[in-house]
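To start, the structure itself, in structure tokens.
The values are calculated or read from the model by the stated rules, or taken from the named source; none is laboratory data. Only a predicted model underlies this, so the values are computations on that prediction, with no experimental measurement involved. Cβ placement follows ideal geometry from the backbone for every residue including glycine, while neighbour counts extend to all protein chains displayed.
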Amino acid sequence: MSERSVTHATMVIERRYAVSPATVFAAWSDPAVKARWFSGPEAWEAGMYQLDFAVGGEERLSGGPPDGPVHHYAARYYEIVPEQRIVYAYEMHTDDVRISVSLATIEFTPADSGTRLVVTEQGAFLDGHDTPAQRKAGSGSILDALGAELHRQSTEHATERD
């Protein structure tokens with residue numbers, strides 16, 4: 001058996017979006033919208049996705065590169081305050097190996113004419129399979145994908161109004 005280890009880390013990632021907190025919150029809470037931006041890199045094959053966005057509800061996602069391994073995400077929601085805060089815990093697996101367990105808080109705050117989004121994650125990264133730096137980079141990419149989705153939506157709505 002290999003030696004076991006755990007690395008604890010707290011990371012904070014901030015983004016600003018040029019849309020209202022209600023619009024950003026809706027992108028987190030609507031399963032069809034979230035499925036468009038909450039995924040791995042473009043080269044990955046998508047697996048199943050499900051979202052029960054309610055206190056006590058679960059979210060599950062799987063996918064990965066064409067030749068493997070398969071990455072699995074499983075979350076449970078503990079607090080949802082519309083347009084203000086989401087608190088959930090999640091675990092990540094690569095194939096059948098648990099690589100991390102985290103507690104995350106998403107905060108939505110009005111800022112100028114848009115939204116300041118702050119993600120705070122407290123993670124336990126297990127046995128060297130994942131690191132805080134890798135997670136922060138991955139989470140940053142996902143938040144960038146959210147920004148692209150929000151931009152796409154606002155562009156569509158502007159076109160519809162014209």
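Is it the case, given these coordinates, that Gly140 is out of contact with any Pro (no Cβ under 6 Å at 6 or more places or on another chain), in contact (Cβ under 8 Å) with a residue 40 or more places away in the chain, closer than 14 Å to Trp28 by Cα and outside any strand (DSSP E or B)?
Working: out of contact with any Pro (no Cβ under 6 Å at 6 or more places or on another chain): yes; in contact (Cβ under 8 Å) with a residue 40 or more places away in the chain: yes; closer than 14 Å to Trp28 by Cα: no; outside any strand (DSSP E or B): yes.
So Gly140 fails the test.
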(Q) I want to confirm something. Restricting to the range 20-60 and keeping residues that are acidic (Asp, Glu) and in a strand (DSSP E or B), which single residue is nearest to the chain's Cα centre (by Cα)? (A) Glu59
(Q) Looking at the range 68-92, I want the residues that are without any contact (Cβ under 8 Å) to a residue 60 or more places away in the chain and have a partner that is basic (Lys, Arg) and assigned to a strand (DSSP E or B) with Cβ atoms under 7 Å, at least 6 apart or on another chain. Which pairs are those? (A) Tyr73/Arg60; Ala74/Arg60; Glu79/Arg85; Tyr88/Arg76; Ala89/Arg76; Glu91/Arg98
Q: Answer yes if at least one residue in the range 94-105 is within 19 Å of Ser29 (Cα to Cα), surrounded by 16 or more Cβ atoms within 10 Å (Cβ to Cβ) and either of a type outside the set (Val, Ile, Thr) or modelled with pLDDT of 95 or more (or both), and no otherwise.
A: yes
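Taking the residues in the range 1-19 that are part of a loop (DSSP other than H, G, I, E, B) and of a type in the set (Ser, Thr, Tyr) as candidates, determine which candidate is farthest from the chain's Cα centre (by Cα). Working first, answer last.
From the range 1-19, those part of a loop (DSSP other than H, G, I, E, B) are 1-5, 18-19; that's our starting set.
When the remaining residues are screened for being of a type in the set (Ser, Thr, Tyr), the result is 2, 5.
Details: Ser2: 30, Ser5: 25 Å.
The residue in question is Ser2.
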